[in-house]
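In what follows, a single structure is set out as structure tokens and then discussed.
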Amino acid sequence: MSEVAKKRPEFRNINITDITTYRMPPAAIVSILHRISGALMFLLLPFIIWLFDKSVSSEVSFGQFTAAFTTGLWFFPGWFIKLVVLALIWAYLHHLIAGLRHLYMDATHKLSKEFGRSTALTTLVLSVALTVILGAKLFGLY
């Protein structure tokens, strides 16, 4: 009886030509999105502070705050403001859930490949699901 030898996987560096065919593991995707969400929140911090200021200063400024979502702000239409806020909602939720994932992994020392894969997929699903729910509220679906 002759057994057919399985071809072992070949590990090598990724070249620029391999970008389109390379399949990243879920943990790598979560890591990259964690960095993107942090950068997005940092870059939009002045907008977040402006929104917070308008929402709590007075009744008139709260009216300006709510009008930004319906009529728009400066030359941006209301739907665009809602999309920016939806991106901020996703960024916050993803960054929070991915951060909690890392804290849990650091505290429990669960560093197996399967645990990392399952928690990465959970992070992706939770962040997108919660964003869809809050986005539906933002766009007035319920």
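The values are calculated or read from the model by the stated rules, or taken from the named source; none is laboratory data. Values in this document were obtained by computation on a predicted structure and should not be read as measured data. Cβ atoms come from the backbone with ideal geometry, glycine included; neighbour counts cover every protein chain shown.
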Hits in the stretch 44-63 (condition: surrounded by 16 or more Cβ atoms within 10 Å (Cβ to Cβ) and part of a helix (DSSP H, G or I)): LEU51, LYS54
LEU93 being over 19 Å from ILE49 (Cβ atoms) and within 11 Å of the chain's Cα centre (by Cα): yes
Restricting the stretch 64-76 to residues that are aromatic (Phe, Trp, Tyr) and surrounded by 12 or more Cβ atoms within 10 Å (Cβ to Cβ), the residue that is nearest to ILE49 (Cα to Cα): PHE65
Qualifying residue in the stretch 73-85 (condition: under 30 Å from ARG23 (Cα atoms), without any contact (Cβ under 8 Å) to a residue 60 or more places away in the chain and not small (Gly, Ala, Ser)): yes
Some residue of the stretch 77-97 being modelled with pLDDT of 90 or more, outside any helix (DSSP H, G or I) and of a type in the set (Gly, Ala, Ser): no
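Working only within the stretch 1-21, note down all residues that are surrounded by 10 or more Cβ atoms within 10 Å (Cβ to Cβ) and under 30 Å from GLY99 (Cβ atoms).
ILE14
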Cβ-Cβ under 9 Å pairs, at least 6 apart or on other chains, the stretch 6-33 side at negative phi, far side assigned to a helix (DSSP H, G or I) and modelled with pLDDT under 80: ARG12/ASP18
In the stretch 30-43, residue nearest to the chain's Cα centre (by Cα) [restricted to those that are surrounded by 15 or more Cβ atoms within 10 Å (Cβ to Cβ) and either of a type in the set (A, V, I, L, M, F, W, C) or not in a helix (DSSP H, G or I) (or both)]: LEU33
